[in-house]
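J.: Okay, here's the structure, questions in a sec.
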Amino acid sequence: MSETAARKPWTLPVRNRHLLLTRGRRRAMPPVKTLRALGLKRGMCFLDVGCGPGYFAIPACGVVGKHGRVLACDVSPMMITELRAGAKERGYANMTAKRNRGYRIPFPDACADFVLIAFVLHGVAEIQRLLAESRRAMKNGAAITLIDWHKKPMDMGPPLEARLEPEELVSELRQAGFRKARWWDFDGNTYFASALAPGGCQGRGDAL
């Protein structure tokens, strides 16, 4: 059995969701600055898979502007409720947030210019299923970025047995058919991995 296959997925308890929106996290990884550095631009359609309460999804509404769109999904109905409330409070009308069940992303084929999966994979048992769904929802040549924890002891993040080495994640992206997959370190504790969708994918998504 491979190291990736032997992983033990772990999900943050919903009662601890406040840890996803701390000031310390915003100082370490400012969402607007991070999204712009990754290439998110005005007018794009941004898809946040495993969006949580909106750490990236809500700021993305401002980055893409009124002619852009933010699509967000999470398996937790509580997260979606908080996300919608946060977007409404800030006056953003360019977001659609839906709950997803299992690996199904509740948005149509080829709808996204940019996909983000941030600090989600530690809770995913079948990474290829999630990447295949993400690819289905991406336009030709669209970009995908994943943010995750290095697999080393530290005082934060999920258990070690739930994490992926960056080289493993790059391998997963290539196996899923993405091109130009690469990774880079962020702060010694977290890393980014990115790739591009090669072209159209089969399958049909749900209506927006």
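The values are calculated or read from the model by the stated rules, or taken from the named source; none is laboratory data. Keep in mind it's a predicted model, so treat the numbers as computed, not measured. All Cβ positions, glycine included, derive from the backbone under ideal geometry; neighbour counts span all protein chains shown.
J.: Only one of K139, K180 is surrounded by 16 or more Cβ atoms within 10 Å (Cβ to Cβ) and either free of Cβ contacts under 8 Å to residues at least 40 places away in the same chain or closer than 26 Å to C61 by Cα (or both). Can you tell me which?
T.: So the residue among K139, K180 that is surrounded by 16 or more Cβ atoms within 10 Å (Cβ to Cβ) and either free of Cβ contacts under 8 Å to residues at least 40 places away in the same chain or closer than 26 Å to C61 by Cα (or both) is K139.
J.: Could you pull out the residue among Y103, Y92 that is more than 24 Å from T190 (Cβ to Cβ) and either free of Cβ contacts under 8 Å to residues at least 12 places away in the same chain or of a type in the set (F, W, Y) (or both)?
T.: Y92
J.: How many residues does the range 122-139 contain that are touching a Gly at 6+ places or on another chain (Cβ under 7 Å) and part of a helix (DSSP H, G or I)?
T.: 2
J.: For the range 83-96, state whether one or more residues are hydroxyl-bearing (S, T, Y) and in a strand (DSSP E or B).
T.: Yes, the conditions are met somewhere in the range 83-96.
J.: Of the numbered conditions (1) at pLDDT below 95; (2) at positive phi, L208 fails exactly one; give the number of that condition.
T.: Against the list (1) at pLDDT below 95; (2) at positive phi, L208 comes up short only on (2).
J.: Somewhere in the range 45-57, is a residue of a type outside the set (S, T, Y) and free of Cβ contacts under 8 Å to residues at least 24 places away in the same chain?
T.: Checked against the condition, which is being of a type outside the set (S, T, Y) and free of Cβ contacts under 8 Å to residues at least 24 places away in the same chain, the range 45-57 yields no hits at all.
J.: To continue, here is another question. For the condition farther than 29 Å from R7 by Cα and touching a strand residue (DSSP E or B) at 6+ places or on another chain (Cβ under 7 Å), what is the one hit in G86, G141?
T.: G141
J.: From the set of residues in the range 125-136 that are among the hydrophobic types (A, V, I, L, M, F, W, C) and surrounded by 21 or more Cβ atoms within 10 Å (Cβ to Cβ), which is farthest from the chain's Cα centre (by Cα)?
T.: Only one residue tops the list, namely I127.
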